[in-house]
């Protein structure tokens, strides 16, 4: 009997030793071979390849000061937890990710706390005023859902709450959580990038003045070296022409160019230079008005003409696969503008009424350029038709709402439309395309149009077809235009409307367009990831609260008791034999 006991003890000891050895081996292997397991259906905790590469290439510490600490409602608590988990996931791939969570309201010194509030606002983190409900009523709380990201003396502000017009607060929080990986890795890129690719705004044909582009230029400069170029017939304005022992080398100077709201005719030589920029793989963001109408003309009159605007680009765009129509799209989902509707004493009374000529575009496409974007405001926008262009794929990025219609130019824009109730039966042309992405191999608009001696001149290096490249055409030049402060004249953030006090998604749209054109596909694909966040039915939760509390409390206890009873019965039956 003693031999049997010794064998049992020896066997147990061997099992213990083997278990310890296996655990040690697993840890040793895990130290040298890194892997993580994500069992969620949508791979919530699996970082994209672009993110992993960005983290592995860090050569110094990126520090996150996250101002999202304290007692919050459940939605913001979830944003807090998801942000911490995402930063921990980043740390698993790079020891150069460090962070701390700070409660800006924790300082007992009110003066110092208010000073910190001002610093955060100046750096670009906007406060959110929460109204929380409790048994005693409700209370207000100011939080700063954002972070300051620093690297080698450089800093950028990172908003963690992605606001979107027309969405409930919970849906906005869910979209913010869904966008976390993109926003965090985008902030890392902003502070760490050194050799910025070059992009250029084209000037010389009455494009938007620099003051209207000040905010978007500043935002683009976080990613790119932004220049301004006047073509003026110079063959080397967009491309470098180098002649050496190997022959004639032509390459583009810029990864992308932006043509923003020109109002004057492009001559054929400038068009040729732009066309050849495309033929050598260049990318273009076209922001064009095909119909001219001005709100300034309505300041002193109730009517203004809307006339076709021909800047001699129709044949180019037609060849590339689109046509901007000489019309205006009207939409019941429109930006309100102030309208004098009466007076009290000597004081005019203003009412905000929807101005159907300023459609608000709510992106519905799943394309990464517009996925999860806030609504975008426009002014006197036209429609776009897609045409047959072999080798070119067209993707509609933005459309009007299902309650829209068109009026062909020339026409008259009349403020009286504000005083009338719209007839919804007239707004029966749904989802009119107004922004289109073109991708593929483009054919030169000058093919078979040049004299042989010009085509064959090495210094010109004429090409009939492009390699795979892309361009985006938007039928509204004002989509990139910042408003100027009505009293002081300084430029406001792109997308901000000073009359309604609303912030629209224009800036994010332009940034995404340029990112996509500049082949930052990894960054854009990260933004397009969709995480399914399962929401609880609040009405059902409130109605069945007691039932589920009892189930969650009593069922585990009952299961343990049942297991104990079954185990006791089993042991009695076994040893009774």
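The values are calculated or read from the model by the stated rules, or taken from the named source; none is laboratory data. Not measured: the values here are computed from a predicted model. With ideal geometry, Cβ positions are generated from the backbone for all residues, glycine too; neighbour counts draw on all protein chains shown.
Overview of results
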{"quantity": "Which numbered condition residue 50 misses (of (1) modelled with pLDDT of 85 or more; (2) closer than 26 Å to residue 194 by Cα)", "calculated": "(1)"}
{"quantity": "Filtered residue count, the stretch 133-163, keeping only those that are surrounded by fewer than 19 Cβ atoms within 10 Å (Cβ to Cβ) and either part of a loop (DSSP other than H, G, I, E, B) or modelled with pLDDT under 75 (or both)", "calculated": "12"}
{"quantity": "Residue match in the stretch 288-305 (condition: in a strand (DSSP E or B), crowded, with 20+ Cβ neighbours inside 10 Å and in contact with a helix residue (DSSP H, G or I) (Cβ under 8 Å, 6 or more places away or on another chain))", "calculated": "no"}
{"quantity": "Odd one out for residue 172 among (1) in contact with a strand residue (DSSP E or B) (Cβ under 9 Å, 6 or more places away or on another chain); (2) without any contact (Cβ under 8 Å) to a residue 60 or more places away in the chain; (3) part of a helix (DSSP H, G or I)", "calculated": "(1)"}
{"quantity": "Residues that are buried (at least 16 other Cβ atoms within 10 Å of the Cβ) and either in contact with a helix residue (DSSP H, G or I) (Cβ under 6 Å, 6 or more places away or on another chain) or over 21 Å from residue 467 (Cα atoms) (or both), drawn from the stretch 390-405", "calculated": "396, 397, 398, 399, 400, 401, 403, 404, 405"}
{"quantity": "Residue 494 vs. criteria in contact (Cβ under 8 Å) with a residue 40 or more places away in the chain and within 27 Å of residue 294 (Cα to Cα)", "calculated": "yes"}
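Conditions tested, residue by residue: (1) part of a helix (DSSP H, G or I); (2) farther than 30 Å from residue 407 by Cβ.
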{"residue": "206", "(1), (2)": "no, no"}
{"residue": "250", "(1), (2)": "no, yes"}
{"residue": "258", "(1), (2)": "no, no"}
{"residue": "274", "(1), (2)": "yes, yes"}
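Quick grid of which residues meet (1) in the same structural domain as residue 359 (by TED's automatic domain parsing); (2) more than 30 Å from residue 235 (Cα to Cα); (3) modelled with pLDDT of 90 or more; (4) outside any loop (DSSP other than H, G, I, E, B):
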{"residue": "416", "(1), (2), (3), (4)": "yes, yes, no, yes"}
{"residue": "439", "(1), (2), (3), (4)": "yes, no, yes, yes"}
{"residue": "450", "(1), (2), (3), (4)": "yes, no, no, no"}
{"residue": "453", "(1), (2), (3), (4)": "yes, no, no, yes"}
{"residue": "461", "(1), (2), (3), (4)": "yes, no, no, no"}
{"residue": "473", "(1), (2), (3), (4)": "yes, no, yes, yes"}
{"residue": "493", "(1), (2), (3), (4)": "yes, yes, yes, no"}
{"residue": "513", "(1), (2), (3), (4)": "yes, no, yes, yes"}
